[in-house]
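Below is one structure, written out as structure tokens; the observations come after it.
Values in this text are rule-based calculations from the coordinates and carry no lab data. Note that the structure is predicted; figures quoted are calculated from it, not measured. Every residue, glycine among them, receives a Cβ derived from its backbone with ideal geometry; neighbour counts consider all protein chains shown.
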Amino acid sequence: MMVELKDNVTGEKTPFKTILEYSRFGNNMLFKFTCEKSKRFSAYSEHNEPIYRGDVCEVFICTGEDLSEYYEIEVAPNGATFFAKIKNNDGQLVTSFLEKNFTSKVTLTESGYDVEILIPFDAVNAGAHPIRFNAYRIETEGGYENRHLLALSPTKRPFFHCPESFVRFHYD
């Protein structure tokens, strides 16, 4: 499926065009982001550093019945990654950092960057339950934290951790 991300707060189109393609690829979920108009700001380079303080593509995935527990996967334009399991207790987040067990690839483009993320079903305990997710992009315009927040399913708030905004992962 191919969709364009929208402004996370207003739900409107944004000048920072971001196309997301997602699908099933064997026993994996495949997410491809095409991010235009980016300065590709990355303040961190190591796995599980707070790369969300710079430009980043993110996927939150819930594979159980409880929407308050989900995985957060991020990839920055410099290739840095973040992988954690989140317990969201009404906005109070408990983060359990995980080793990277997904693959990612970043390609710099003339006006931005592309990110490809391949997540094995086993990495996020995808079983018989429906998979719900949301996809995001942060564009800082060179380091202004949370300057532009984009989402597949906008949360209508100035942050992303709103599992009630997750949508079904349709891949068949």
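For the residues GLU58, GLU46, the requirement of being touching a Lys or Arg at 6+ places or on another chain (Cβ under 8 Å) and among the acidic types (Asp, Glu) singles out GLU58. Residue by residue through the stretch 124-149, note down the ones that are closer than 16 Å to GLU72 by Cβ and in a strand (DSSP E or B). ARG132, PHE133, ASN134, ALA135, TYR136, ARG137, ILE138, LEU149, listed by residue number. Criterion first (more than 25 Å from LYS17 (Cβ to Cβ) and among the hydrophobic types (A, V, I, L, M, F, W, C)) does ALA84 satisfy it? It is true that ALA84 is more than 25 Å from LYS17 (Cβ to Cβ) and among the hydrophobic types (A, V, I, L, M, F, W, C). Look at the stretch 104-128: where a residue is closer than 25 Å to ARG168 by Cβ and a partner is assigned to a helix (DSSP H, G or I), sitting 6+ places away or on another chain with Cβ atoms under 9 Å, you get GLY127/PHE121.
State whether one or more residues within the stretch 8-18 are in a loop (DSSP other than H, G, I, E, B), under 15 Å from the mean Cα position of the chain (by Cα) and not basic (Lys, Arg). For the stretch 8-18, residues in a loop (DSSP other than H, G, I, E, B), under 15 Å from the mean Cα position of the chain (by Cα) and not basic (Lys, Arg): present.
Each row is one residue, and each column tells you yes or no for (1) farther than 15 Å from LYS105 by Cα; (2) surrounded by 21 or more Cβ atoms within 10 Å (Cβ to Cβ); (3) in contact with a Leu (Cβ under 9 Å, 6 or more places away or on another chain).
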{"residue": "ASN8", "(1), (2), (3)": "yes, yes, yes"}
{"residue": "GLY11", "(1), (2), (3)": "yes, no, no"}
{"residue": "ARG24", "(1), (2), (3)": "yes, no, yes"}
{"residue": "TYR52", "(1), (2), (3)": "yes, no, no"}
{"residue": "ILE61", "(1), (2), (3)": "yes, yes, no"}
{"residue": "GLY64", "(1), (2), (3)": "yes, no, no"}
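For the stretch 13-22, how many residues meet the condition of being surrounded by 14 or more Cβ atoms within 10 Å (Cβ to Cβ) and either without any contact (Cβ under 8 Å) to a residue 60 or more places away in the chain or touching a Pro at 6+ places or on another chain (Cβ under 7 Å) (or both)? The total comes to 2.
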